[in-house]
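**Q** My structure is below; once you've seen it, I'll send some questions.
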Amino acid sequence: MTSFESLSLLFGIVGITLAFTSIFNAIYFYFRYHKNIALQIEDESYTNGGMLFEMTKFMMYGHYCLFPARAKRAGVEEIFNRLSKTIRYHLIFHWFSVVTSAVLIALSAILVEFFIEN
C-alpha cells in the first residue's frame with residue numbers, strides 16, 4: 001500500500017466518520033433545541049420543513065455563532081448572543097464537522113482519482 005493509498009483511506013474514514021457524527025449531532029439538536037431557536041429567529045413565519053431542510057439551517061446558525069458580524073447583518077445577533085454555551089458548541093461543532101468532513105472526503109476522492117494508479 002502506497003502512502004497516497006494510506007492517506008486516501010485515512011481521509012475517507014475520518015471524513016465519513018465526521019459526516020455521520022455531524023448527522024447524529026444534527027438529529028439530537030433538531031429534537032432538543034431547534035424549534036425554540038427557529039421561533040425566535042423567524043417569529044410567526046416559522047414553518048417546519050422537515051429535518052433534512054432544517055439541518056441546512058444549522059450550518060447557517062453555526063456560521064452566525066462563529067461570525068457575529070454576519071449575524072448582525074442578518075439582524076439575529078442578539079438572539080445568538082443569548083444562546084447558552086451548550087447550544088453554541090453544538091452549532092459550532094456541526095459547522096466545523098460538516099466543512100471538515102466535506103474537505104476530507106473530497107481530498108480522498110482527489111487522491112484516488114489523480115494519484116493512485118489502478
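The values are calculated or read from the model by the stated rules, or taken from the named source; none is laboratory data. Since we're looking at a predicted model, the values are computed, not measured. Every residue, glycine among them, receives a Cβ derived from its backbone with ideal geometry; neighbour counts consider all protein chains shown.
**Q** Among Ser45, Ser84, Ser8, which is at pLDDT below 95, within 27 Å of Ile110 (Cα to Cα) and out of contact with any strand residue (DSSP E or B) (no Cβ under 8 Å at 6 or more places or on another chain)?
**A** One residue alone meets the criteria, Ser8.
**Q** Check Ser101 against each of (1) at pLDDT 95 or above; (2) exposed (fewer than 14 other Cβ atoms within 10 Å of the Cβ); (3) hydroxyl-bearing (Ser, Thr, Tyr) and name the one condition it does not meet.
**A** (2)
**Q** Now for a different question. Condition first: over 30 Å from Met1 (Cα atoms) and without any contact (Cβ under 8 Å) to a residue 12 or more places away in the chain. Can you find one or more residues in the stretch 34-41 that meet it?
**A** yes
**Q** Among the numbered conditions (1) modelled with pLDDT of 95 or more; (2) crowded, with 17+ Cβ neighbours inside 10 Å, tell me where Val14 comes up short.
**A** Condition (2) is where Val14 drops out.
**Q** Listed residues Lys57, Lys72; which is in contact (Cβ under 8 Å) with a residue 12 or more places away in the chain and either basic (Lys, Arg) or touching a strand residue (DSSP E or B) at 6+ places or on another chain (Cβ under 7 Å) (or both)? Please lay out each step first, then the result.
**A** Values: Lys72 fails: in contact (Cβ under 8 Å) with a residue 12 or more places away in the chain.
Just a single option satisfies the conditions, and that option is Lys57.
**Q** Just a yes or no: is a residue in the stretch 88-101 assigned to a helix (DSSP H, G or I), more than 13 Å from the chain's Cα centre (by Cα) and under 16 Å from Gln40 (Cβ atoms)?
**A** Checked against the condition, which is being assigned to a helix (DSSP H, G or I), more than 13 Å from the chain's Cα centre (by Cα) and under 16 Å from Gln40 (Cβ atoms), the stretch 88-101 yields no hits at all.
**Q** Let me ask you something else. For the stretch 70-87, enumerate the residues that are on the phi < 0 side of the Ramachandran plot, part of a loop (DSSP other than H, G, I, E, B) and surrounded by fewer than 17 Cβ atoms within 10 Å (Cβ to Cβ).
**A** At the first step, the residues of the stretch 70-87 found to be on the phi < 0 side of the Ramachandran plot are 70-74, 76-87.
Applying the additional criterion that residues be part of a loop (DSSP other than H, G, I, E, B) yields 76, 83-84.
Within the stretch 70-87, Ser84 is the sole residue that qualifies.
**Q** Phe20: farther than 30 Å from Ile116 by Cα, surrounded by fewer than 14 Cβ atoms within 10 Å (Cβ to Cβ) and not acidic (Asp, Glu), yes or no?
**A** For Phe20, the condition - farther than 30 Å from Ile116 by Cα, surrounded by fewer than 14 Cβ atoms within 10 Å (Cβ to Cβ) and not acidic (Asp, Glu) - is not met.
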